[in-house]
Structure formats: structure tokens, C-alpha cells
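Asker: Next up is a structure, given as C-alpha cells.
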Amino acid sequence: MKTKLITVAAGAAAVLGAGAAQAQTYPESPISVVVGYSAGGFADTVTRIIAEQISKTLGQPVVVENQPGAASNIAALTVSQADADGYTILATTTSVAINQTLYGALEYGMDDLTAVAVPVAAPEVLAVHPDFPAQSLEAFLDYARENTVTYATAGVGSGSHIAAGYFFSELAGVRAIHVPFGGGAPAVGAVLGQQVGATAITIPGIASQFQAGGLNCVAVAAPQPSAIAPDCPTYSASGFEDFVAQSWVGFFVPAGTDAEIVALLNTAVNEAIADPAVAERLEGLGNAIQTLDPEQTTAFVSDEVASWGERVEALGLRID
Amino acid sequence: MLDIFSNAALGLSVAVSPENLLFCFIGVLLGTLVGTLPGIGALAGVSLLLPVTFYVEPTTALVMLAGIYYGVTYGGSTAAILLNLPGSSAAAVTCLDGYPMARQGRAGVALFMTTIASFVGGTFAIILLMICTPLLARVGLNFGPAEYASLVVLGLIAASTISSGSPVRGIAMVVLGLLIGTAGSDFETGRLRFTFGHLEIADGISFVAIAMGLFGVAELLNNIGSGARTTTVSRADYSWSKLYPTRQDWRDSWGPMGRGSVLGAAFGILPGTGASIASFIAYAFEKRWSRTPGRFGNGAIEGIVAPESANNAAAQAGFIPTLSLGIPGDAVMALMLGALIIHGITPGPQVVTSHPELFWGLVMSFWIGNIFLVFLHLPLIGVWVRILLVPYKYLYPSMLFFICIGVYSVSNSSFDILLVLLFGVLGFAMLKLDLPAAPLLLGVVLSPILENNLRRAMLISGGDPLTFVERPISAGFLLAAVVVLVFSLNLFKRGKGSQQAVPADPD
Amino acid sequence: MITRHFEPRQLIASAALCATGGAAAYLGMYRYGLGELFHLGAGAFPFLLGLLLVALGLLNLISAFDPPPAPTRHQWFGALAVFASIAVFALSLETLGLVPAVILLTLTSRLAEPPFEPVGTLTLAAGLSVLAYIVFVFGLRMPLEAFNWP
């Protein structure tokens with residue numbers, strides 16, 4: 001992409017055994033971050049906030065590009081095929097972990113990408129209209145055993161769909177009908193208009209409704225209650241031990257990138273989110289900030305791939 | 001009523017602050033420029049200015065982002081009229097009569113009237129926004145999947161005759177469009193349909209690629225080698241006096257503008273769906289309303305002012321659900337809400353009361369922005385029209401470039417450029433086989449709205465099809481669809497006769 | 001409404017509509033799945049629309065047909081050059097860079113409307129390249145490189 005010229009020069013240098021020198025001088029030119037979603041979306045907003053900050057730390061422009069499509073698979077493929085020099089970074093979400101199991105034939109795998117940082121995570125929640133007859137998780141499940149309930153999500157194969165679907169059918173053992181919408185906003189609209197019973201969604205998509213009292217939170221799939229809805233109990237507190245599902249934004253580079261460059265980028269991201277102004281903006285969107293070193297990041301991502309894979313398989317979902 | 005005036009005064013005082021005026025101007029200017037480039041949408045301009053929004057007051061940020069948004073809807077008609085290059089579904093409708101007007105040497109008039117129509121539509125929606133935002137927002141919420149599905153059925157039946165010529169081929173193209181619109185990931189199962197291994201179309205085929213291929217490339221091919229070139233008009237037709245509408249043009253336009261504004265505003269309050277279909281419906285409505293439907297498609301001024309006013313009314317009315325419920329209609333609206341959240345303001349029903357200076361300031365800035373746009377556009381008309389004086393041998397390679405780069409910009413995808421090629425071939429074939437392109441585009445736009453909402457409604461009702469007639473709003477649309485259908489069958493029987501201008505024989 | 005004289009293009013239009021509709025209906029039924037009557041599957045819509053298209057394709061045979069003049073040889077050649085220019089642009093934009101892509105597009109597309117006029121064409125190519133760079137790379141910050149040779 002943008003940095004081909006440098007890439008080729010760097011590639012030639014690497015052949016001559018100058019790989020370490022490459023890491024020492026990095027970054028020498030602008031870095032591009034390829035977001036797998038449209039400008040203005042959740043992942044894009046988070047990426048731009050962080051990119052702006054790391055550009056200050058690294059002393060090079062960090063250019064955000066959008067390559068939306070197929071739940072970020074297109075951007076992931078592009079970056080996995082880019083040169084492993086640290087100048088092309090992928091910004092994606094939980095979807096990249098889900099897609100490994102959900103999609104039948106992908107032209108890239110997690111082996112082709114190295115995780116740099118997963119700076120933010122936002123829990124999944126279940127929310128209902130204030131007029132809905134069941135306002136707690138227990139009441140909701142009881143209601144679902146007697147009646148047909150529907151829940152809206154941002155779409156088929158989204159983290160919200162898989163987490164909620166897995167929860168209802170595998171953990172709670174109730175039948176709830178999934179009604180996918182094209183994005184979080186229409187899903188929230190459907191439950192506001194009482195077209196559906198509930199919505200399963202990530203906190204950033206619904207935070208404003210909680211704060212305004214438009215919708216009520218029934219359960220949050222995080223270890224601790226969220227600051228956005230402090231009164232909303234966790235699934236654990238409602239009797240479902242350890243049911244945690246979060247939507248995160250993560251940065252990846254092509255596999256084979258120099259470990260020093262990965263560490264450098266990881267530090268830059270962690271420094272960015274430590275900045276109080278950045279942290280405030282990210283948390284304002286409903287995210288929890290997580291500071292992980294490169295090993296922790298890799299472990300986090302492989303845990304995510306495994307746990308989402310298990311849920312996708314339990315639901316028997318497959319896209320091809 | 002007094003409330004409105006005091007609120008409007010408050011809003012005006014916010015909107016005319018030097019900073020807000022400046023950012024409003026930047027927003028509409030950028031929006032116009034970006035919108036004039038065919039295919040480059042609001043998101044491109046917004047992405048560019050996004051970092052700025054972090055450093056200015058939330059009201060200022062919103063004023064600027066909103067300016068880009070409606071500035072793009074103003075600018076979108078320019079390339080559509082002059083070169084038959086539509087960058088959005090609304091612009092595709094404007095092509096139908098705007099481009100024929102340009103070929104008759106009336107490009108200046110078309111550009112002038114679309115600017116006025118945009119202003120009228122925008123103004124109407126702003127008044128609506130001021131008077132009854134909370135009320136209308138609730139109406140939008142009553143629209144569930146069943147209502148959307150029934151509304152699209154009505155829209156399809158009403159608009160299937162937007163092209164002139166054989167109704168059979170018009171309907172066949174609507175069906176083909178619906179079919180093309182099903183390509184991509186199925187909303188319920190995720191099954192990839194008609195993608196043939198290309199994940200690039202998993203989210204559906206780029207609308208801009210289809211529109212540019214069918215309208216832009218096909219028309220360009222038709223001009224090449226035909227000896228016709230672009231227009232049969234001379235330099236004299238580009239004199240300044242010829243740029244302004246005649247008294248007859250004005251007289252023909254007021255009615256369509258008014259009806260277009262009402263329709264556009266009505267559709268605009270439906271989050272996400274409204275703006276894309278408002279202009280199609282407005283066009284179809286005018287064609288049915290007209291005593292001379294045969295003029296449509298051949299440069300009827302009603303055919304551009306109605307959809308343009310509808311389009312802009314819908315764009316402004318789209319702020320009703322966005323601001324009062326916190327439900328954004330599209331990506332740009334979502335971004336505006338994101339800007340608010342970053343500044344610690346929660347969008348939702350309370351914004352109007354808890355941050356009156358923001359809400360009213362923004363609404364009043366719409367007025368100012370719309371006035372800016374009129375004054376930006378009118379002087380530029382003379383410049384734009386001169387594009388047509390460029391010799392065709394230089395014009396068409398430039399058009400091809402703008403088509404390709406515009407389509408690429410939507411998702412930075414070279415694959416989409418190859419799709420333009422595919423739809424260019426299809427468009428050329430359709431032209432030579434007397435198959436109309438506009439109904440196909442209508443089908444593409446409506447296909448996912450129809451299919452997904454129909455199936456969603458069935459999921460929600462537990463598989464009971466009676467849901468469509470038991471819900472009153474849905475039943476109303478279906479009833480209206482039946483009425484229109486009966487009308488159409490009558491039209492169908494008279495065949496080509498009804499297409500001719502017979503003033504004494506209203507439809 | 002029956003056509004007075006036989007027009008082969010009407011037959012072509014009908015055949016194309018029927019073939020497209022038939023293929024869609026087939027894929028909808030066998031590949032994507034029809035689902036149940038009140039719980040439609042991914043293939044149900046394509047199936048129904050496909051059948052409808054076949055029916056309309058047949059109806060087209062007996063409806064009035066008033067096509068524009070058939071393309072001349074000159075137009076066929078022009079169309080080919082235009083299509084080639086779009087393909088060349090798509091393939092070279094990311095591999096060679098924006099400026100070479102614009103130049104290739106201009107040169108290829110100018111073949112469609114002879115005479116070629118080398119000087120005018122090259123001037124146009126240069127002008128468009130500069131414009132493209134200023135507007136899209138510099139102005140709109142699109143992620144494109146002006147030159148991208150290896």
C-alpha cells in the first residue's frame with residue numbers, strides 16, 4: 001500500500017542481515033492503520049482517537065484508512081499480505097476472532113497476524129424496554145419459558161448475536177428468537193419501539209439509552225458492573241458464573257514483524273491510553289481500558305479465538 | 001408557540017457566533033465540493049474533518065459535520081445533471097430528467113432549480129424539526145419491520161412506472177434490481193448469496209458502482225462514435241441569461257417542490273431508510289400526478305425539483321430521530337452522535353431540554369447553512385455549465401477517471417472499479433435492448449429493505465403472515481398499494497396511449 | 001401490442017432475462033435453501049424473483065419493442081476501449097500508483113474516439129494526473145500513492 005517504496009528498500013536491507021537496524025530506526029515514515037469498518041463506526045472512532053496520540057509518541061504521521069467489508073475480513077486479508085515491517089497495522093474488533101470459526105474458507109488465519117495491543121474492551125449487555133414485563137435476568141428467563149421472546153442484535157455473526165445466542169440456548173436453556181438488524185442503532189430502535197422484546201448489544205451502542213432512561217439494562221457480561229450502568233448486575237451475579245463476553249478493538253501487524261517493532265508499538269498504544277484525555281474519551285464511549293504487554297496481548301487474543309470458536313460451534317453457525 | 005420563538009432566538013444567538021458561522025461555512029463548502037465529485041460521499045469529507053471535532057465545542061462540531069452532510073446532498077445533483085453521473089440514489093433520480101435538460105441546453109436552469117428545490121425542501125424540514133421533533137420521533141419508532149416491508153411494497157408498486165416505455169420491461173428491470181440487491185450475506189443466516197467467492201460483495205454490491213456503471217458508463221458509450229457528442233447546443237446557450245429559469249419553469253416547480261418537501265420530510269423521520277427512497281417516491285408521485293406524464297424522462301422540470309426537494313427534506317428530517325432519540329440513520333449521523341458522546345453529552349430525548357443551546361443552535365445553523373449553500377451554488381452554475389463546452393474527446397476520459405476514483409473512494413476497493421466495468425457492460429446492453437436502467441436502481445435500493453424487513457416481521461410474529469394486515473399502519477400501506485395497483489392496471493391497458501401528452505386526460 | 005416486424009434484439013432481451021431468472025431460481029432453490037413457508041430461507045427471495053423474471057422475460061416477447069439504433073462497428077470498438085481503460089485503471093491503481101493509472105486510463109480510453117491526437121491526449125493525461133493528485137491524495141487524503149513502482 002502506501003509504503004511500498006520504503007518496504008522494498010527495507011526488505012532489501014533485511015536480506016543483507018540488517019533487520020535489527022530496521023527496528024532501531026523505526027519508524028522513519030508514515031504508518032498506515034487499516035480499519036476494517038467504515039469511517040464513523042465504533043472501531044474507527046476508537047482507532048482515530050488512539051492513532052492521533054501514538055503519532056505524537058512515534059513522531060511520524062499515523063494515517064487511518066478504512067477498508068470496510070465482510071466483518072473486517074477484507075482489511076484483515078489486506079494487512080496479512082502486507083510487508084511485515086510495522087508500517088501497515090490492522091485495526092479490527094472481536095469479529096476477527098469470531099470469523100476464524102464462523103467463516104468456512106478464509107484466505108488468512110490468525111497465524112498470519114501478530115497481535116500488537118488490545119487497548120479497549122466493552123462488555124455485551126442485555127437490555128429491555130421499561131414497559132417490558134421482565135426487568136431482571138431471572139424474570140426474563142422465566143418469561144421466556146412461558147412466552148416467545150425475541151431479541152434484536154447488530155447482525156448475524158456479530159459478537160452480540162453469538163454471545164446472546166450461546167447464553168440463551170446453551171447456558172440458560174430457553175428459546176429466544178434472534179432478530180438481526182443492520183447495525184446496533186436499528187436494533188436499539190426496534191426495542192425502543194417495542195417491536196422486539198430485548199436487545200443484545202455492546203455497551204457503547206446503548207450507553208446513551210441507559211443514561212437517558214430510555215432502556216433498562218438486565219445483565220452485563222463482564223466480571224464487574226460497568227461504570228455506564230452501575231446498577232446493572234453481571235451475569236455472574238445473576239447465577240451464571242463466568243459468563244463474560246466483550247467486544248474489543250485490537251491492533252495487529254503481519255506475522256513476521258520484528259519483535260522490537262511490535263514491542264515499540266505496544267508501548268506506544270499503552271502510553272496513548274494512559275493519557276488522561278484519551279482515557280476519558282474512550283471511557284466516555286463506554287469502553288474499559290486494558291493495558292497488556294505483547295505476551296499478554298497474544299494470550300488474550302488466542303483465548304478469545306478459542307472461546308468465541310467454542311460458542312460459534314455450539315450454535316452450529318457457519319458462513320460460506 | 002412563544003416557546004418556539006424564544007428557542008429560535010436562543011438558537012440564532014448560538015448559530016451566529018463567529019466560530020459557529022465559520023465552521024458552518026467550512027462544513028457546507030467542503031460538503032458541496034465533495035458532493036460535486038461524483039461518488040465521493042459525505043463520509044470522505046467527514047473523515048477528513050473528524051480530528052477537528054475533538055478540539056471545538058460540541059455545538060460547533062455538530063454544526064460543521066451537519067454542514068458537510070447536507071452540503072453533500074446539495075452538491076450531488078451537479079454531476080448527475082451535467083454528465084449523467086449519479087453518486088447516490090437521490091442523484092440517480094435527478095439524472096432522469098436533469099440530464100435530458102442539460103442536453104437540451106437547459107443545464108443552467110436545471111442546476112438553478114435544484115438549488116432552489118433543495119433550499120425549499122431543507123427549509124420545510126427545518127420548520128418541522130422546530131415545531132414537532134419529539135412528537136415525530138415517536139412516530140418513527142412505531143415503524144417496525146412489518147411497516148417497513150409494507151411501505152416498500154407500496155413504494156415498488158407506485159414507482160415501478162418511473163421509466164417511460166413498455167411497462168413489462170420496466171417491471172422486469174425492477175425485479176432484476178431486486179435480485180441484484182440480494183447479493184451478499186443473507187441478513188438472517190449469513191449465507192453468502194451470488195458472491196461467487198468474492199468477499200468484497202459480502203456486504204452487497206456497491207450502489208455507487210451500479211449507478212455509475214448503468215448511468216455514467218452506459219451513456220458515455222452511447223455518445224462515443226454516435227456523432228451526437230454531448231449536446232446539440234451552441235455556445236450561445238451558455239450565456240448568462242439562459243441560465244435562469246423562465247416564468248413557466250417557476251410556475252411548473254412550486255407544486256412539485258411542495259409535495260416533494262412533504263414526502264421527503266415524511267420519509268426522513270424513518271431512521272436509515274428514508275433518504276434513499278424519498279426521491280424515488282417523490283418522482284413517481286409527480287409522474288402520476290402530472291397531466292403530461294410523457295414529458296417525464298425527457299427533461300421535465302418537475303422531474304428534478306420534486307426529488308431534489310424530497311432528498312433535502314429527508315436529509316434534514318433525518319436529524320429528528322438522530323437528535324431526539326439518539327438513533328442515527330446512517331454512518332455520518334452516527335459519527336455526529338459520537339462527537340457528542342466524546343464531549344460528554346448523551347444524545348436522547350433529554351437533549352432538547354437539557355442542552356437547548358445545542359439543539360436550537362444546530363437547528364438555526366441549518367437555516368444559515370442552507371442560505372450559504374444557495375449563495376455558494378448560484379454563482380457556480382455558470383462555471384459548472386461551461387464543463388459542457390469542453391470538447392468531448394477531452395471530457396469523456398476525465399469522466400471515466402472521476403467515475404473510477406469515486407467508486408474506489410467508497411471503500412478503498414479496486415474490486416469495486418471492476419464492478420463498474422461489469423455494470424457498464426450491462427448498462428450498454430440494456431440501452432441497446434430497450435431495457436430501462438432507473439427501475440433497476442430502484443430495485444437495488446429497495447431489495448434489502450423489503451426482504452430483510454419482511455423476514456424480520458415474520459420472525460417477530462412467529463411466522464404469522466397476518467401481522468402485515470393486523471398492524472394498522474402496515475395495513476394502511478398495503479391498502480394504498482392495492483389502490484395504486486388498480487390504477488396502474490388501468491394504465492397498463494391503455495398501453496402507449498397514456499404515455500403521450502394528452503392534457504384533457506388526467507390519470 | 002404485438003410487434004409488427006421481427007426484431008432479433010427482443011429475442012435476445014427475453015433470452016437474457018429468462019436465463020438470469022432461471023439461474024437465480026436454481027441457485028436459490030438448490031444452493032441457498034428455500035426454508036419453510038412461514039420461515040423463509042436465504043434462497044426464497046432469489047427463487048421467487050428468478051421465477052418472476054422468467055415470466056417477465058416471456059411476456060417481453062409480446063410487448064411493444066422500440067429500441068434505439070443497433071451499435072455500429074465504430075461503437076463496438078469504442079466500447080471495448082472504454083471497458084479496457086476501466087480495467088487497466090482498476091488493476092494499476094494500487095500496483096503502479098495513481099499517476100500511472102490515470103495516464104493509462106487516459107491513453108486507453110482515447111482510443112475510443114479517433115483521431116488519437118498524441119499531444120492533446122498526453123496533455124490531458126498530465127493535467128488529469130496533477131488534478132488527481134491534488135484533489136484526492138493531497139486534498140481528500142485518500143490512501144493512494146502517486147507512484148508505486150517497485
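Read-outs throughout are calculated quantities, based only on the coordinates presented, and are distinct from any laboratory measurement. All values derive from a computational prediction rather than experimental measurement. All Cβ positions, even for glycine, are placed from backbone atoms using ideal geometry, and neighbour counts span all protein chains on display.
Asker: Rounded to the nearest Å, what's the spacing between the alpha carbon centres of the stretch A:202-218 and the stretch A:270-287? Just the number, please.
Answerer: 20
Asker: Ranked from highest to lowest mean number of other Cβ atoms within 10 Å per residue, what is the order of the peptides C:67-78, B:412-423, B:172-183?
Answerer: Those peptides, ordered most packed to least, come out B:172-183, B:412-423, C:67-78.
Asker: Continuing with the same structure: Using a 10 Å cut-off around each Cβ of peptide B:451-460, what is the average number of partner chain Cβ atoms that fall inside?
Answerer: That average works out to 6.
Asker: For the protein assembly as shown, place one equal point scatterer on every Cα, skip the solvent, and apply the Debye formula. What is log10 of I(q)/I(0) at q = 0.06, 0.08 Å⁻¹?
Answerer: Computed log10 I(q)/I(0) values: -0.41, -0.76.
Asker: Could I ask something else about it? How would you rank B:329-338, B:459-468, highest first, on the average number of other Cβ atoms within 10 Å across their residues?
Answerer: Final packing ranking: B:329-338, B:459-468.
Asker: Using a basic spin-label model with each label point 7 Å from the Cα along Cα→Cβ, how many nm lie between A:GLU313 and B:ARG386?
Answerer: It is 6.9 nm.
Asker: Moving on to the next point. Evaluate E = 1/(1 + (r/R0)^6) for B:LEU378 and C:LEU11, where r is the Cβ-Cβ distance and R0 equals 41 Å; express this FRET efficiency to the nearest 0.05.
Answerer: Result of the calculation: an efficiency of 0.25.
Asker: Taking the alpha-carbon distance from B:LYS432 and a cut-off under 16 Å, which aspartates and glutamates remain once sequence neighbours fewer than 8 residues away in the same chain are dropped?
Answerer: B:GLU219, C:GLU7, C:ASP66
Asker: Arrange the peptides B:443-449, B:479-485 so that the one whose residues have, on average, the most other Cβ atoms within 10 Å appears first.
Answerer: Most protected by this proxy first, the peptides run B:443-449, B:479-485.
Asker: Please give the average number of partner chain Cβ atoms lying within 10 Å of the Cβ of each residue in B:412-419, rounded to a whole number.
Answerer: Rounded to a whole number, the mean comes out at 6.
Asker: Taking every alpha carbon pair in the stretch C:8-60, what does the distance histogram look like in 10 angstrom bins from 0, in percent?
Answerer: Distribution as computed: 31, 42, 21, 6, 0 percent.
Asker: Roughly how crowded by other chains is peptide B:162-173, in terms of the mean Cβ count from those chains within 10 Å of each of its Cβ atoms?
Answerer: Partner-chain Cβ atoms within 10 Å, mean over residues of B:162-173: 5.
Asker: Please label the shape of the stretch C:73-139 as rounded, prolate or oblate, based on the square roots a ≥ b ≥ c of the eigenvalues of the alpha-carbon gyration tensor (a/c under 1.5 means rounded; beyond that, a/b larger than b/c means prolate, else oblate).
Answerer: oblate
Asker: Right, here's the next one. What distance in nm lies between label points placed 7 Å from Cα along the C-beta direction at B:ALA9 and B:ALA480?
Answerer: It is 3.9 nm.
Asker: OK, next. Can you compute the helix-only [θ] at 222 nm over chain B? Use -39500 (n - 2.57) per DSSP H run of at least 4 residues, normalise by all residues, nearest 500 deg cm²/dmol.
Answerer: -23500 deg cm²/dmol
Asker: Extending each Cα 7 Å along its Cβ direction at C:LEU80 and C:ALA19, get the distance between those two points in nm, one decimal.
Answerer: 2.0
Asker: Still on this structure, I have one more. Let's test the formula: R0 of 45 Å, r as the Cβ-Cβ distance of B:ASP464 and B:SER17. What FRET efficiency results, to the nearest 0.05?
Answerer: 0.25
Asker: If you average the C-alpha positions of the stretch B:97-122 and of the stretch A:239-259 separately, how far apart do those two centres end up, in angstrom?
Answerer: Taking the Cα centre of each part, the stretch B:97-122 and the stretch A:239-259 sit 52 Å apart.
Asker: What is the percent of Cα-Cα separations in chain B that go past 34 Å?
Answerer: The answer is 34 percent, as a whole percent.
Asker: At what distance in angstrom do the alpha carbon centres of the stretch B:291-325 and the stretch B:433-490 lie from each other?
Answerer: 21
Asker: Here's another thing I want to ask about it. How would you rank B:MET212, B:MET113, going from fewest to most other Cβ atoms within 10 Å of each one's own Cβ?
Answerer: B:MET113, B:MET212
Asker: Same structure, new question: At a threshold of 8 angstrom on Cα-Cα distance, excluding pairs fewer than six apart, so keeping six or more, what relative contact order does the stretch C:8-60 reach in percent?
Answerer: Computed over the stretch C:8-60, the figure is 46 percent.
Asker: Putting +1 on Lys and Arg Cβ atoms and -1 on Asp and Glu Cβ atoms, find which of B:GLN104, B:PHE207, C:LEU122 reaches farthest to the positive end of the dipole of the protein assembly as shown.
Answerer: Farthest along the dipole direction, towards plus: B:GLN104.
Asker: Moving on. Per DSSP H run of at least 4 residues, take -39500 (n - 2.57); add these up for chain C, divide by its residues and hand me the 222 nm value, nearest 500 deg cm²/dmol.
Answerer: Calculated mean residue ellipticity at 222 nm is -18500 deg cm²/dmol.
Asker: Would you mind ranking B:VAL208, B:VAL168 so that the residue whose beta carbon has the fewest other beta carbons within 10 Å leads the list?
Answerer: Starting with the residue having the fewest Cβ neighbours, the order is B:VAL168, B:VAL208.
Asker: Got a sec? How would B:CYS24, C:CYS18, B:CYS132 order by Cβ neighbour count within 10 Å, fewest to most?
Answerer: Sorted ascending by nearby Cβ count, the order is B:CYS132, C:CYS18, B:CYS24.
Asker: Kindly list the residues of the stretch A:61-97 that lie in the label zone of C:ARG31, defined by a backbone N under 19 Å from the point 7 Å along the Cα-to-C-beta vector.
Answerer: What the label zone holds, given the 19 Å backbone N cut-off, is A:70.
Asker: While we're looking at this one, here's another question. For chain A, what is the mean residue ellipticity at 222 nm derived from helices alone (per DSSP H run of n ≥ 4: -39500 (n - 2.57); sum divided by total residues; nearest 500 deg cm²/dmol)?
Answerer: Rounded to the nearest 500, the figure is -13000 deg cm²/dmol.
Asker: What's the local net charge at B:GLU188, with K and R +1, D and E -1, over the other residues with C-beta under 10 Å away?
Answerer: Here the charged neighbours net out to +1.
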